[in-house]
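Asker: Sharing a structure with you now.
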Amino acid sequence: MKKFSDIRKSNINESVLLYANYRTVDNDETEKQPETEQTTVLSKIKAASDSEEPQTFKLRDGSIVQIAQNEAKNIVYTYEELNQDNQVIFENLLNEDINSYSKIVDFCRDYIN
């Protein structure tokens, strides 16, 4: 099982990005869900874990991703298992960019399995 500290050390490649349940979406889709400063990626992921509809959100680097319910549940479960310090790191990595987001998705998948 991967350790949380392995997230920053791991490299991501194209095949891993395709494996995760998110995709780049058109700007029209993001207009349906306006981003506010108070809205965090984690809050959108929590919403996706309760919804059968995928949630779309924007990362700090401008990347737009969409997450399905099963991946969202994995992320929320893993987040809740972490101590407070690691939750802060986890949330920052989720928000940062597509590479760090992908590493979190992989970490959560490994943690659950």
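A short reminder: the numbers here are calculations on the coordinates, not readings from a lab. Please read all numbers here as calculations on a predicted model, not as lab measurements. No Cβ is skipped: glycine too gets one built from the backbone with ideal geometry, and neighbour counts run over all protein chains shown.
Asker: Among the residues of the stretch 100-109, write down those that are more than 15 Å from residue 48 (Cβ to Cβ) and either loosely packed, with under 15 Cβ neighbours inside 10 Å or of a type in the set (Ser, Thr, Tyr) (or both).
Answerer: 100, 102
Asker: Give the stretch 85-106 a look and list any residue that's of a type in the set (D, E, K, R) and assigned to a helix (DSSP H, G or I), or say none.
Answerer: 85, 91, 96, 103, 106, listed by residue number.
Asker: Report, by residue number, each residue of the stretch 47-84 that is among the hydrophobic types (A, V, I, L, M, F, W, C), closer than 19 Å to residue 112 by Cβ and in a loop (DSSP other than H, G, I, E, B).
Answerer: The answer is 68, 82.
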